[in-house]
Amino acid sequence: GTRRAMDPRLRPPAADSSLALLAKGYAWLPDRRRRTTAPLVRTRLMGQPVVALHGPGAVRFFYDERHVERRTALPGPVLSTLFGHGAVHTLDGPDHRVRKGMFLSLLTGAEAVAGLVDRVAAEWDEAVESWPGRRVVLFDEASRVLTRGVCQWAGLTVEDAGPLAGDLVAMVDGFASPGPRHWRARRARARCEAWLGRLVEDVRSGAATAPAGSALEGIVRHRDADGRVLDPHTAAVELLNVIRPAVAVCWFVTYAAHALRLRPELRDRLTGDDPAYAVAFAHEVRRFYPFAPFVGGRAATDLQWRGEPIPSGTLILLDLYGQNHDPGLWDDPYTFEPRRFLQRPPQPDELIPQGGGDCATGHRCPGEDVTIALLRALGPRLALLEYEVPDQDLRIPLNRMPARVRSGFVLDAVRAPA
Ligand code: HEM
Ligand code: MYR
């Protein structure tokens with residue numbers, strides 16, 4: 001209304017930041033925040049007014065369903081690559097709650113987590129036997145190991161994990177960039193949705209079987225808030241929302257190798273049979289290294305944040321990477337130091353590499369326990385391996401979204417653990 005138009009704080013900033021985001025990547029929001037004294041950053045993206053928030057208080061504000069909706073928040077190009085149209089990420093209210101329950105029952109609880117992690121660990125141990133005597137690119141190897149492990153666990157038969165691993169990585173790699181990486185991601189998604197959509201139809205017609213208790217079975221049988229089973233496309237989208245992110249853990253596995261190169265003295269503690277240390281290491285990998293930059297939603301109604309008006313419909317971003325490196329929350333945020341999590345366990349709304357708030361009621365990642373358990377299993381395995389790190393480009397440019405180790409981390413002269 002007129003009051004809104006008169007508030008000078010709401011005058012749109014002259015410049016759209018879409019190009020700054022492309023150019024600066026992970027540093028974009030933290031840079032903007034350092035340059036303002038206001039409790040939020042105001043800007044524009046793709047022509048729309050945007051506010052960006054960060055800090056544990058902002059996490060609670062953002063994850064309050066009365067404040068922020070997801071239905072129209074994710075841009076089409078992100079859905080056509082990373083998450084899929086109709087994904088749980090785009091649901092609100094009871095629709096979200098019921099669909100989220102499906103992911104929670106598949107991915108949380110000691111049995112579910114161990115079932116997945118044990119398969120991945122067995123695939124890792126087998127793959128490592130073939131590494132001695134050749135150069136391997138850890139990122140690529142890890143993506144295939146994770147693909148084999150998660151597909152077996154999910155009830156999917158895959159003869160050759162290579163092409164599927166390539167497609168799942170491509171969907172993550174291409175969601176935020178224009179050009180060939182983006183089109184590769186779209187093709188990968190279209191191919192995988194077609195494959196899994198057919199599989200869902202085959203399971204329903206009896207032409208294929210879903211192992212009892214598998215993710216495939218759970219998703220094929222799931223009923224949404226309206227009491228209906230998912231249509232084959234949506235079922236395929238949600239199957240991909242289980243297997244793709246599990247494979248994306250290869251980003252963190254590669255970062256773990258990077259951390260061990262940065263701080264070789266941590267190797268001993270990591271292999272020293274102290275599970276608490278391996279978990280602290282996993283948390284520090286998730287905190288320190290860039291992966292998910294921010295999450296976004298839309299103001300469900302006219303809001304106020306620390307006295308600042310946020311009109312209904314404004315795109316609200318929560319700066320995950322910025323918060324994980326905020327000197328107000330972390331001592332020496334740019335030092336890789338797992339010990340920080342031994343002294344004090346991570347606070348749920350402070351450490352937010354996979355989102356914040358309550359996982360059951362909000363959009364926080366339901367794969368956090370799985371991610372931590374995978375890193376807890378694979379970090380010490382990596383630290384036990386003996387290998388050389390030949391000359392290569394180990395930089396992680398922050399203007400590439402998602403960031404990744406440029407060389408993929410090449411290992412040479414691998415020797416298996418005794
Ligand atoms: C949601 C990050 C691993 C499944 C999310 C969100 C982020 C995220 C930032 C969005 C939170 C929000 O919208 O507020 C990550 C990262 C991972 C990872 C960095 C490391 C590889 C996993 C794994 C799984 C998984 C292993 C399952 C096997 C999901 C699902 C959602 C989600 C289904 C949607 C939840 C919802 O909208 O309610 N994740 N995740 N993620 N993640 Fe993950
Ligand atoms: C996965 O494959 O789901 C795990 C990797 C997730 C990266 C998460 C990136 C979040 C991007 C949200 C963009 C929001 C734009 C408004």
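The values are calculated or read from the model by the stated rules, or taken from the named source; none is laboratory data. Because the structure is a prediction, the values reported are computed rather than measured. Because the Cβ atoms are built from the backbone with ideal geometry, glycine has one as well, and the counts that use them run over all protein chains shown. The area values use the complete protein model at the heavy-atom level, side chains included, leaving out ligands, DNA and RNA. Shrake-Rupley method; radii C 1.70, N 1.55, O 1.52, S 1.80 Å.
Numerical summary
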item: Enumeration of residues in the range 402-412 that are open to solvent by 20 Å² or more (accessible area, probe 1.4 Å) and touching a residue at least 60 places away in the same chain (Cβ under 8 Å); result: ARG404, SER407, VAL410, ASP412
item: Filter result (of a type in the set (S, T, N, Q) and more than 26 Å from PHE294 (Cα to Cα)) within the range 379-414; result: GLN392
item: Selection within the range 16-43 - among the β-branched types (Val, Ile, Thr) and buried (at least 20 other Cβ atoms within 10 Å of the Cβ); result: VAL41, THR43
item: Any chance VAL249 is modelled with pLDDT of 95 or more, out of contact with any Cys (no Cβ under 7 Å at 6 or more places or on another chain) and open to solvent by 10 Å² or more (accessible area, probe 1.4 Å); result: no
item: Residue within the range 58-75 that is assigned to a helix (DSSP H, G or I), away from ligand 2 (no atom under 13 Å from the Cβ) and among the small types (Gly, Ala, Ser) present; result: yes
item: Leading residue by the ranking (farthest from PRO94 (Cα to Cα)) among those in the range 187-223 that are open to solvent by 30 Å² or more (accessible area, probe 1.4 Å) and in a loop (DSSP other than H, G, I, E, B); result: ALA207
item: Matching entry among ALA280, ALA246, ALA257 (being under 28 Å from ALA161 (Cα atoms), more than 16 Å from ligand 2 (Cβ to nearest atom) and in contact with a helix residue (DSSP H, G or I) (Cβ under 6 Å, 6 or more places away or on another chain)); result: ALA257
item: Strands (runs of 3 or more DSSP E) wholly inside the range 301-418 containing at least 2 residues that are at pLDDT 95 or above and either touching a Cys at 6+ places or on another chain (Cβ under 7 Å) or within 16 Å of ligand 1 (Cβ to nearest atom) (or both); result: 315-318
item: Given (1) within 11 Å of ligand 1 (Cβ to nearest atom); (2) free of Cβ contacts under 8 Å to residues at least 60 places away in the same chain; (3) of a type in the set (Lys, Arg), number of the condition ARG70 does not satisfy; result: (2)
item: In the range 146-170, the residues that are on the phi < 0 side of the Ramachandran plot and not in a helix (DSSP H, G or I); result: LEU156, THR157, VAL158, GLU159, ASP160
item: Condition check for GLY313: touching a strand residue (DSSP E or B) at 6+ places or on another chain (Cβ under 7 Å), within 16 Å of ligand 2 (Cβ to nearest atom) and either of a type in the set (Phe, Trp, Tyr) or under 16 Å from ARG42 (Cβ atoms) (or both); result: yes
item: Output for the range 162-192, where each listed residue is within 16 Å of ligand 1 (Cβ to nearest atom) and over 15 Å from VAL247 (Cβ atoms); result: ALA176
item: Condition met for PHE61 (in contact (Cβ under 8 Å) with a residue 24 or more places away in the chain, open to solvent by 20 Å² or more (accessible area, probe 1.4 Å) and under 23 Å from TRP183 (Cα atoms)); result: no
item: Number of the exception - MET46 against (1) of a type in the set (A, V, I, L, M); (2) within 15 Å of ligand 2 (Cβ to nearest atom); (3) open to solvent by less than 10 Å² (accessible area, probe 1.4 Å); result: (3)
item: Residue count for the range 311-324, restricted to those that are touching a Lys or Arg at 6+ places or on another chain (Cβ under 9 Å) and surrounded by 18 or more Cβ atoms within 10 Å (Cβ to Cβ); result: 6
item: Scan of the range 374-401 for residues that are open to solvent by less than 40 Å² (accessible area, probe 1.4 Å) and within 16 Å of ligand 2 (Cβ to nearest atom), ordered by number; result: LEU374, LEU375, ILE396, MET401
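For (1) more than 16 Å from CYS250 (Cβ to Cβ); (2) at pLDDT below 95; (3) open to solvent by less than 50 Å² (accessible area, probe 1.4 Å); (4) within 16 Å of ligand 1 (Cβ to nearest atom), each residue gets a yes or a no:
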site: LEU116; (1), (2), (3), (4): no, no, yes, yes
site: ARG119; (1), (2), (3), (4): no, no, no, yes
site: GLU126; (1), (2), (3), (4): yes, no, no, no
site: LEU138; (1), (2), (3), (4): no, no, yes, yes
site: VAL145; (1), (2), (3), (4): no, no, yes, yes
site: ASP160; (1), (2), (3), (4): yes, no, no, no
